[in-house]
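Let me begin by presenting the structure, written as structure tokens, before commenting on it.
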Amino acid sequence: MTALLDTIPYARFLGLRTEEDGEVLTVIMPFADHLVGNPMLPALHGGSTAALLELTAIAQVARVWPRLHLPRPITVTTAYLRSGKPLDVHARARISRAGRRVAHVLAEAWQEDPAQPIASLTAHFSLDDNRDLQE
């Protein structure tokens, strides 16, 4: 899955890497100074956290349903639960429901303790490979 994320320029910018333990995919965003949004705290930028969650969800869907194209997001909602510290961030996603055309995915990001997420994501992704509709 790291090879898949390496094809996405923003994932490379974030330095994302993956760990797989059986069926569980964990995406890790190593801390870097350019990810800090508020240097006074310091706190991670919310955009980098949201991107981590969205890319984790995309990787999970692509892992379950490998296709010619990556799944396209339809709706993405991110909830910021606590400030991200200047530490590595881990994220996991699970597909809660999927049909022939759409998958509903939930993802969470945490730093030190998976029971204390810093952000969560709810998203719908198109599984349709018919890309000639308005691209």
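The values are calculated or read from the model by the stated rules, or taken from the named source; none is laboratory data. Owing to the predicted nature of the structure, the values given are computational and were not obtained by experimental measurement. No Cβ is skipped: glycine too gets one built from the backbone with ideal geometry, and neighbour counts run over all protein chains shown. Heavy atoms of the whole protein, side chains included, go into the accessibility calculation; ligands, DNA and RNA do not. Shrake-Rupley method; radii C 1.70, N 1.55, O 1.52, S 1.80 Å.
Among the residues making up the range 96-129, those that are more than 15 Å from residue 71 (Cα to Cα) and either out of contact with any helix residue (DSSP H, G or I) (no Cβ under 9 Å at 6 or more places or on another chain) or open to solvent by 60 Å² or more (accessible area, probe 1.4 Å) (or both) are 96, 108, 110, 111, 112, 113, 114, 115, 116, 117. Of all residue pairs spaced 6 or more apart or on separate chains, those with beta-carbon atoms under 6 Å, a first member in the range 104-115 that is more than 18 Å from residue 48 (Cα to Cα) and a second member that is of a type in the set (Ser, Thr, Tyr) are 104/96. For the range 46-69, the set of residues classified as open to solvent by 60 Å² or more (accessible area, probe 1.4 Å) and either part of a loop (DSSP other than H, G, I, E, B) or polar (S, T, N, Q) (or both) consists of 65, 66, 67, 68, 69, listed by residue number. Name the residue that is surrounded by the most Cβ atoms within 10 Å (Cβ to Cβ), counting only residues in the range 33-45 that are closer than 20 Å to residue 119 by Cα and aliphatic (A, V, I, L, M). Looking at residues that are closer than 20 Å to residue 119 by Cα and aliphatic (A, V, I, L, M), I get 44. Just so you know, in the range 108-126 the residues that are in contact with an Asp or Glu (Cβ under 8 Å, 6 or more places away or on another chain) and of a type in the set (A, V, I, L, M, F, W, C) include one that is farthest from residue 61 (Cα to Cα), and it is 119.
Exactly one residue among 74, 58 is touching a residue at least 12 places away in the same chain (Cβ under 8 Å), at negative phi and in contact with a strand residue (DSSP E or B) (Cβ under 6 Å, 6 or more places away or on another chain), and that residue is 74.
Counting only residues that are small (Gly, Ala, Ser) and in contact (Cβ under 8 Å) with a residue 40 or more places away in the chain, the range 33-45 holds 1 of them.
Would you pick out the residues in the range 2-32 that are touching a residue at least 24 places away in the same chain (Cβ under 8 Å), of a type outside the set (Phe, Trp, Tyr) and open to solvent by 60 Å² or more (accessible area, probe 1.4 Å)? Result: 24, single match.
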